[in-house]
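Enquirer: This is the structure I have questions about; it appears just below.
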Amino acid sequence: MSKDRIENPGSEPDFNLPDENEMQGIWDNIEPLKERYPKPDTNKMWKGVTRKLGWQQVNQPEKRFKYFFIRNAAAVLLLITVLGVGIYYSIDVITANKNYITFVSEKGTRTQLELPDGSTLWLQPNTTVKYPENFEENSREILFSGQGYFDIKTEPDKPFTVKIGKTSITVLGTRFYVKAKDKTGIVETGLIAGSVQVSNPSQEVTLAPGDIVVLSNETNQIVERKNITSLPFSWSDNRMVFDNCSFKTIIKELSSWYGFDYHMDPQLDLTTKVTLTIKDESLDEITEILKIVVPFEYEISGNRIIYTSRQ
């Protein structure tokens, strides 16, 4: 995880000026701050300024007004500065819960991420999650792009929502997986346990355990509905289990899971059956295991793996 990137870009959404009620709250919060800032000695400050500027003491009657104005203007500016610090502090307190963190998972390996509510996400490479430092009182919402497995902490009065473009996945406490790629606009959600509601601007679908729904963010339509039993592998406690699957199928699913392209030598025996369980293993570890069953060599070129026969 040393290469995972965590960024805190500031507030999300964009900052808006507070309304009248918020401004009143800001003003009320400033009062306790007065004790933190000593009352400025304007005479002392003025003498320091005139000394540095090389000004002479002002005694002429016609200049007394200018002296009085400039000196008190300095005091007013100082007061504005102090109030500005207080206002900034208050606004910072008010908007602190709107700060978002962006997490991008590392290439070539899966990453575990714990959210502020205790929910756990297992992320595939190049997956992005954007979430607040602190969830709101009545809801939990994150922005997601990529692929991952979710184990959501149960909070009946605080639904958890995954936002993927125009698609929303809402849960109370459950385990499910999501495949969402920005390039295709296709969002696949499979429910392992519990209940989830998948919706977009035109429809809403409630899944039962074992259900899979595939939607298009471009057309807002359901592309496909199927059951987890139709998959070449099964999900359980963040494990991907291949039971007597062909080598070709496993490579295809691994490329999706670990985020890489591949090319396979036509001389490879792609029909060889393999039983394999994947949880925390790296792509290198899994590849070395597969080499024991299927005789092949491989070469990594950028984000592409080339599999060649060694028979």
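Enquirer: Would you kindly calculate the translational diffusion coefficient of the stretch 105-230, applying Stokes-Einstein with the Kirkwood radius from alpha carbon pairs, for 25 °C and a viscosity of 0.890 mPa s, and quote it in µm² s⁻¹ without decimals?
Expert: Details: Rh = 14.6 Å.
In µm²/s, the coefficient rounds to 169.
Enquirer: Would you work out the relative contact order for the stretch 187-252, in percent, from Cα pairs under 8 angstrom that are 6 or more residues apart?
Expert: Details: 96 pairs, mean separation 15.2, N = 66.
After rounding, I find 23 percent.
Enquirer: For the stretch 251-275 and the stretch 277-311, what is the centre-to-centre distance using only Cα atoms, to the nearest Å?
Expert: Computed from Cα coordinates, the inter-centre distance equals 8 Å.
Enquirer: Stokes-Einstein diffusion coefficient for the stretch 228-298 at 20 °C in a medium of 1.002 mPa s, Rh from the Kirkwood formula over Cα pairs: what value in µm²/s? If you can, show how the numbers build up before the last one.
Expert: Values: Rh = 12.6 Å.
This corresponds to a translational diffusion coefficient of 170 µm²/s.
Enquirer: Right, something else. Count charges around residue 139 for me, please; just the other residues with Cβ under 12 Å from its Cβ, Lys/Arg as +1, Asp/Glu as -1. Write down the numbers at each step before the final one.
Expert: Numbers: positive: 140, 158, 163; negative: 117, 136, 137, 141, 155, 157.
Once positives and negatives cancel, what remains is -3.
Enquirer: Using amide H atoms built in the peptide plane, which far-off residues or other-chain residues are under 5 Å from residue 165 H to H?
Expert: 144
Enquirer: Right, next: Sequence-distant or interchain residues sharing an amide H contact under 5 Å with residue 141, placed H: which?
Expert: Distant-sequence amide H within range of residue 141: 136, 161.
Enquirer: Sticking with this structure for a sec: Tabulate in residue order the Karplus-calculated ³J(HN,Hα) for the stretch 113-121, using 6.51 cos²θ - 1.76 cosθ + 1.60 with θ = phi - 60°, rounded to whole Hz; enter x for Gly and Pro.
Expert: 10, 9, 8, x, 8, x, 5, 10, 10
Enquirer: Sort 139, 255 so that the residue with the fewest other Cβ atoms within 10 Å of its own Cβ comes first and the one with the most comes last. Can you show the working numbers first?
Expert: Numbers: 139 13, 255 16.
Final ranking by Cβ density, sparse to dense: 139, 255.
Enquirer: Apply the Karplus curve 6.51 cos²θ - 1.76 cosθ + 1.60, θ = phi - 60°, to the phi angles in the stretch 218-231 and return the couplings in whole Hz, x for Gly and Pro.
Expert: With the stated coefficients, the stretch 218-231 comes to 7, 9, 6, 10, 6, 7, 7, 10, 8, 10, 4, 5, 7, 6 Hz.
Enquirer: For the stretch 187-311, report the convex hull volume of the alpha-carbon atoms normalised per residue, in Å³, without decimals.
Expert: Details: hull volume 15.6 nm³, N = 125.
So the per-residue hull volume is 125 Å³.
Enquirer: Sorted by packing (mean other beta-carbon atoms within 10 Å per residue), highest first, where do 128-137, 266-275 land? Intermediate results must be reported in sequence, preceding the final value.
Expert: Values: 128-137: 15.8, 266-275: 13.3.
Result, highest mean first: 128-137, 266-275.
Enquirer: Assuming a strict under-17 Å limit between Cα atoms, what lysine pair count do you get for the stretch 105-230 once near-sequence pairs (fewer than 8 apart, same chain) are dropped?
Expert: 13
Enquirer: Please give the net charge around residue 300, taking every other residue with its beta carbon less than 12 angstrom from that of residue 300, where Lys and Arg add +1 and Asp and Glu add -1.
Expert: On the way: positive: 107, 304; negative: 261, 284, 297, 299.
Computed value for this residue: -2.
Rule-based calculations on the coordinates, nothing more; no lab input. For clarity, every value in this text was computed on a predicted model and none was experimentally measured. Cβ coordinates were reconstructed from backbone atoms using ideal geometry, including for glycine residues, and neighbour counts include every protein chain displayed.
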